[in-house]
């Protein structure tokens, strides 16, 4: 049981961390640039919200399988397949949760407007400096919202992880998949323990992050 | 205006949306030049071009340094320019001190005491530790001004810095501006609609109409001419009429 909880937390934590790093520049680009490409890229980045997890899982399985051209490129590095592996699971989770990271961060950057970056430039801050010391701090609530959503969404994810992870204990079996297997096997008592634990844990994480956010806002007043 | 010793000289000419700007200008190396004219005449656009926040074809030399010509365009963060916007636009995640030192650190201000001097000059010393959210309008604008000064500008631009303030806040901040104006050794371009601000602060006046610049009469001359004619009106009323006369004098159509 400890094993499946650890796998779940590791997946959610890694996905959140990597996605924040990747989604922030994408959200910045979407918020700040007026380009015809913007809406197309924006739509692609939002697609995972409306796609059934089985569709996403199916295509990911094809792309991560040994025969795919992408894996062909990775063969020289000793990687034959990412299907049914933990790294494959992280990649799948990141794609699945991408919109939940991009939207709040993009919203925060858009709400900020052009002025703070202009102010920073008139105070001699170069673009990267201004991004790190002005844009990111001003968008911190959007970043926090993105982190909460991605973390929670990854813990709650089922269809994609089942399809590309296969539920291998110790490697790719996460809580939602374990609960499903337990219910299938009619082991309701065990299923109850995990399900209720998940509810309580999710609630506590959300509450904690919202309180931290509230406090951060109050400190600035 | 002494054209042989320009602190700032240049010209911007180009189209921005449906708007055509064609402004040649020379500001003396010190003193405050008021830029006035009707709304939408291009004052803010000209200021943004000087700061490098908007890019139009043209050339610009400040204190002997070329900031823009046919070959180069120096980005805003590499121009020694101070900008005070119409709204204070303070960085809300930083304290008053954080706002004041943001530019100073990046501009390489060598003297640590500069912060205290500027805070003293602008009456900000008691506010340094405060967050920006609950400052009054006048306090916010003073922080914005101090922040711009501490970034060691060679050109200070102010875009109607008092227009968003109520009468009390204006009365509070004007003495600071007058004191500053006497002590500053850099050119200041100050956009305003308000004749009393011109009367109290300006050394020179430029008038902009439909994207073109013209030099106005000296503020004192405009004031005197208006006063001769207007006799016993209140001071504020006189200043308003003086400004109207000043602008009308340049454009017979008005």
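Here are the numbers for this structure:
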| read-out | value |
| --- | --- |
| MRE, 222 nm, helices only [DSSP H, n ≥ 4, -39500 (n - 2.57), over chain A, to nearest 500] | -25000 deg cm²/dmol |
| Among beta bridges that DSSP assigns inside the protein assembly as shown, antiparallel share in %, nearest 5 | 55 |
| Relative contact order of chain A, defined on C-alpha pairs under 8 angstrom at six or more residues apart (%) | 29 |
| Helix axis angle, A:175-184 relative to chain A longest principal axis, alpha carbon, degrees | 30 |
| Anisotropy class of the protein assembly as shown from Cα gyration tensor, a/c 1.5 cut | prolate |
| FRET efficiency, residue A:17 to residue B:133 (Cβ-Cβ, R0 41 Å, nearest 0.05) | 0.85 |
| Fraction of alpha-carbon pairs over 24 Å apart in chain A - percent | 52 |
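Values in this text are rule-based calculations from the coordinates and carry no lab data. What you see is a predicted model, and the numbers here were worked out from it, not measured in a lab. Please note: Cβ atoms are built from the backbone with ideal geometry, for glycine as well, and neighbour counts cover all protein chains shown.
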